[in-house]
1. Count, please, the residues in the stretch 19-61 that happen to be aliphatic (A, V, I, L, M) and either surrounded by fewer than 18 Cβ atoms within 10 Å (Cβ to Cβ) or without any contact (Cβ under 8 Å) to a residue 40 or more places away in the chain (or both).
2. Can you pull out every residue in the stretch 219-260 that is at pLDDT 85 or above and open to solvent by less than 40 Å² (accessible area, probe 1.4 Å)?
3. What do you reckon, is Ser354 open to solvent by less than 20 Å² (accessible area, probe 1.4 Å), of a type in the set (Ser, Thr, Tyr) and either free of Cβ contacts under 8 Å to residues at least 40 places away in the same chain or touching a Gly at 6+ places or on another chain (Cβ under 6 Å) (or both)?
4. Arg103 versus (1) without any contact (Cβ under 8 Å) to a residue 40 or more places away in the chain; (2) more than 24 Å from the chain's Cα centre (by Cα); (3) buried (at least 17 other Cβ atoms within 10 Å of the Cβ): which is the lone unmet condition?
5. Looking only at the stretch 174-199, how many residues end up being surrounded by fewer than 23 Cβ atoms within 10 Å (Cβ to Cβ), assigned to a helix (DSSP H, G or I) and touching a strand residue (DSSP E or B) at 6+ places or on another chain (Cβ under 8 Å)?
6. Only one of (1) at pLDDT 95 or above; (2) open to solvent by 10 Å² or more (accessible area, probe 1.4 Å) fails for Glu85. Which number is that?
7. Conditions first: (1) more than 25 Å from Gly225 (Cβ to Cβ); (2) surrounded by 24 or more Cβ atoms within 10 Å (Cβ to Cβ); (3) of a type in the set (A, V, I, L, M). Ile202 passes all but one, so which condition is the exception?
8. Is it fair to say Val7 is of a type in the set (Val, Ile, Thr) and exposed (fewer than 14 other Cβ atoms within 10 Å of the Cβ)?
Amino acid sequence: MSKKIAVMTGGGDAPGLNAVIYALTKTCIAKYGYELIGYKFGYRGMYLNDYIPLTMQSTSGILHRGGTILYSSNKDNLFDYWVEENGERFKKDVSDVAVENLRREGVDVLCVLGGDGTLASAYDFAKKGINVVGVPKTIDNDLGSTDTTFGFDTAVNIVTENLGRLHTTAESHHRVMIVEVMGRSAGWIALHSGIAGSADVILIPEIPFTLAGIIKKIEERQKHGKTFTVIVVCEGASLKGGDKVVSKIVEDSPDPVRFGGIGEMLAALLEHNISQEVRSVALGHIQRGGETSAADRVLSCRYGVAAAKLIHEGNYNNMVCLRNGKMDYVSLESIAGKTKPVNPEGEMVEVARSLGISFGE
């Protein structure tokens, strides 16, 4: 039986989204004979009925490319959407408009590529009678329902490469170099890149740090003739007993709080307590950009093929996931609110400690 599939990418972009679209499209067309369309700018595209055909031709050559050919938005929750009527701007549930658009276009299945917020909305559409298949996406690797998310490996590689570059200038000038990385409230990017990039201090949200703990590590290195220190800090990390540093509030976003600035704050604090110069670098969206790593390309293709299989089997309202190295799936209902923080007593933290890396405690 022929099916028509609608695909969308929501939330922040991640390396590997195009590879998932590529694998999903190719499998659905070549193996199952389905038709596909892609909604632009996530749920906004569903509301405006703004889409493009996804064909062998339109997805050719996108496997290696970062970003998403469907574009993305992290501001559009159709169950609480900003509208303007009679000169007034207010929030309104416009999800029925999107449901009607899907039905008008003859869409049988909606395939949603997104993180926790995007997939929460996907489940809400499933409750409205839409057949949904989810694919987990976040560079932060903090989704509890899957072992690894695509985009994480690329982000870690980018941070690791930049740590190597910053090592040389830190050593040349005998400086303390602080590198702020993404991750929100999960320290996976900081932890993995810090180990791979030979950082001296790793600061993550799961292990609150103290200024004294960091200074202790810097002084310890000085005693051993190490005249520079490299610190990796996750944007959501905080001083023990303190609050996370918020860079701004985005009022029209479902998740309005944006962390950022912990690196600069820490640099200012350290400069008043040590003799060395301190510099802070926030890598920001560099971590999301550029070509997708080989590992993420392969993982994304696995996710895309697994999603096509769920669609073909009619196994709806589930999300594909990676468990113990194998592709599997879980219900959209079961993933709500489940995140995966770094275990402070886990293997990776133990590896870092064994290498002499401090967590600033």
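The values are calculated or read from the model by the stated rules, or taken from the named source; none is laboratory data. Note that the coordinates shown come from a computational prediction; the quantities given were computed from them, not determined experimentally. When we count neighbours, we look across all protein chains shown, and the Cβ atoms used for this are built from the backbone with ideal geometry, even at glycine. Just so you know, the surface numbers come from the protein's heavy atoms only, side chains and all, with ligands and any DNA or RNA stripped out. Shrake-Rupley method; radii C 1.70, N 1.55, O 1.52, S 1.80 Å.
1. Taking the stretch 19-61 as the starting set, the residues that turn out to be aliphatic (A, V, I, L, M) are 19-21, 23-24, 29-30, 36-37, 46, 48, 52, 54, 56.
With the extra rule that they be either surrounded by fewer than 18 Cβ atoms within 10 Å (Cβ to Cβ) or without any contact (Cβ under 8 Å) to a residue 40 or more places away in the chain (or both), the set shrinks to 29-30, 36, 48, 52, 56.
The total comes to 6.
2. Listed by number, the residues that qualify are Arg221, Phe228, Thr229, Val230, Ile231, Val232, Val233, Cys234, Glu235, Gly236, Ala237, Ser238.
3. On the way: open to solvent by less than 20 Å² (accessible area, probe 1.4 Å): no; of a type in the set (Ser, Thr, Tyr): yes; either free of Cβ contacts under 8 Å to residues at least 40 places away in the same chain or touching a Gly at 6+ places or on another chain (Cβ under 6 Å) (or both): yes.
It is false that Ser354 is open to solvent by less than 20 Å² (accessible area, probe 1.4 Å), of a type in the set (Ser, Thr, Tyr) and either free of Cβ contacts under 8 Å to residues at least 40 places away in the same chain or touching a Gly at 6+ places or on another chain (Cβ under 6 Å) (or both).
4. That leaves (3) as the condition not met.
5. 1
6. All conditions are met except number (1).
7. Evaluating Ile202 over (1) more than 25 Å from Gly225 (Cβ to Cβ); (2) surrounded by 24 or more Cβ atoms within 10 Å (Cβ to Cβ); (3) of a type in the set (A, V, I, L, M) leaves (1) as the failure.
8. Values: of a type in the set (Val, Ile, Thr): yes; exposed (fewer than 14 other Cβ atoms within 10 Å of the Cβ): no.
The answer is no for Val7.
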